[in-house]
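Quick note: the coordinates plus some simple rules give every number you see, no bench work behind them. Computed from a predicted model, the values in this text were never measured in an experiment. Here the Cβ positions follow ideal geometry from the backbone for every residue, glycine too, while neighbour counts run over all protein chains shown.
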Amino acid sequence: MSSGIGEKVSLLICDDHKILTDALKMVVDRDEGFTMVSPPVHTPEEAVELCQQHQPDVVLMDIVFKGQMNGIQATRKIKELSPATKVVIMTAHDEERLLVEAVEAGASGFLGKDEAADQVLAAAKQAAEGEVLIDPATLTRLLHQVAREREARRDAQALLSDLTDREREVLQLLAEGMRNDGIAQKLFISPQTVQTHVRNILQKLHVHSKLEAVAFAVKHGAITV
């Protein structure tokens, strides 16, 4: 981790497109303002491990990888292990949901993969200096989206907290594709009792069908599929 003005910015590049990482490395090697903590890596897991070891000033991180961990999950882990490290997301995606998740994970900004290499490094230097690499209009929109999402999650958890253990059990079995008669047999209750539970679930979750109830519960982590 750099500690003062004039020191080199320590950098880690993580992207599974080797042509891109090779090109960036060539540019970094010619720039005396940077030092690489390692050759570019191609999986988020490697990036997390190297950040724990070296605590670089900046990580240039892709979002989409083929493995189990994506760039947003890696960003969150990196910020836990090395809070001072700035993570800049390099992405070809402009989907607002992904950008919101990246902001929530602690990313310092975004760069399109169509940016020239020197622009990428200029942005990395700005990130190292604490700049937020999001234009004001986008930042405002994303922060409003984050606030809306958090409020929606709070509201959803409040509704789900009203469900009884038995209602959650019925909801889980509905998610597994069971009909009312099958649920009744499995839980040793009458079909009428199952219908009552289902009716209560729909009322408590403010939804209109069993499918909608299942989708709501899965989305907010109350049950699994």
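Give me the Debye-computed log₁₀ of I(q)/I(0) at q = 0.27 Å⁻¹ for segment 120-191, equal point scatterers on Cα only, no solvent, two decimals.
Log10 of I(q)/I(0), two decimals: -1.10.
Please turn the phi angles of segment 74-86 into ³J(HN,Hα) values with the Karplus equation 6.51 cos²θ - 1.76 cosθ + 1.60 (θ = phi - 60°), one per residue in order, whole Hz, x for glycine and proline.
5, 4, 4, 5, 4, 5, 6, 7, 9, x, 7, 5, 9
Can you list residues whose amide H is under 5 Å from Lys113's amide H, if they're 5+ apart or on another chain and H is modeled 1.01 Å from N?
Thr91, Ala92
For segment 40-116, max minus min Cα coordinate along each principal axis, in Å, sorted largest first?
The Cα atoms of segment 40-116 stretch 31, 27, 23 Å along the principal axes, largest first.
Distance in nm between label sites at Asp162 and Ile189, each 7 Å beyond Cα in the beta-carbon direction?
Each label point is offset 7 Å from its Cα along the Cβ direction, giving 1.8 nm.
When averaged across all projection directions, what area in nm² does the alpha-carbon convex hull of segment 90-139 cover?
Quarter of the Cα hull surface area: 3.4 nm².
How many percent of all Cα-Cα pairs in the chain sit more than 23 Å apart?
Cα-Cα pairs of the chain separated by over 23 Å account for 57 percent.
How do Val59, Val207 rank when sorted from fewest to most other Cβ atoms within 10 Å of their own Cβ?
Fewest to most other Cβ atoms nearby, the residues stand as Val207, Val59.
List the trypsin sites (Lys or Arg not before Pro) in segment 66-161 that DSSP assigns to loop (not H, G, I, E or B) and whose Cβ has at most 12 other Cβ atoms within 10 Å. Which are they?
Lys66
Got a sec to turn the phi values of segment 198-208 into Karplus ³J(HN,Hα) couplings, 6.51 cos²θ - 1.76 cosθ + 1.60 with θ = phi - 60°, whole Hz, x for Gly and Pro?
Along segment 198-208, the couplings run 4, 4, 5, 4, 4, 5, 5, 8, 6, 10, 10 Hz.
Over segment 9-142, consider all pairs of different Cα atoms and compute the Kirkwood hydrodynamic radius from their mean reciprocal separation; express it in Å, one decimal.
14.4 Å
What ³J(HN,Hα) values, in whole Hz, does the Karplus curve 6.51 cos²θ - 1.76 cosθ + 1.60 give for segment 156-162 when θ = phi - 60°, with x put for Gly and Pro?
The phi angles translate into 5, 5, 5, 5, 5, 5, 7 Hz.
In degrees from 0 to 90, rounded to the nearest 10, what is the angle of the helix 210-219 Cα long axis to the longest principal axis of the chain?
For helix 210-219, the angle is close to 30 degrees.
Counting other C-beta atoms within 10 Å, which of Ser161, Ser82, Ser38 has the fewest, and how do the rest follow?
Least to most surrounded, the residues fall as Ser161, Ser38, Ser82.
Kindly provide the pair-distance distribution of segment 66-105 built from C-alpha pairs, with 5 Å bins from 0 and whole-percent values in order of increasing distance.
Taking all Cα pairs of segment 66-105, the binned fractions are 6, 23, 32, 25, 12, 3 percent.
Using the Kirkwood radius built from alpha carbon pairs, what does the Stokes-Einstein equation give as D for segment 157-219 at 4 °C and 1.567 mPa s, in µm² per second?
Taking Rh from Cα pairs, D becomes 113 µm²/s.
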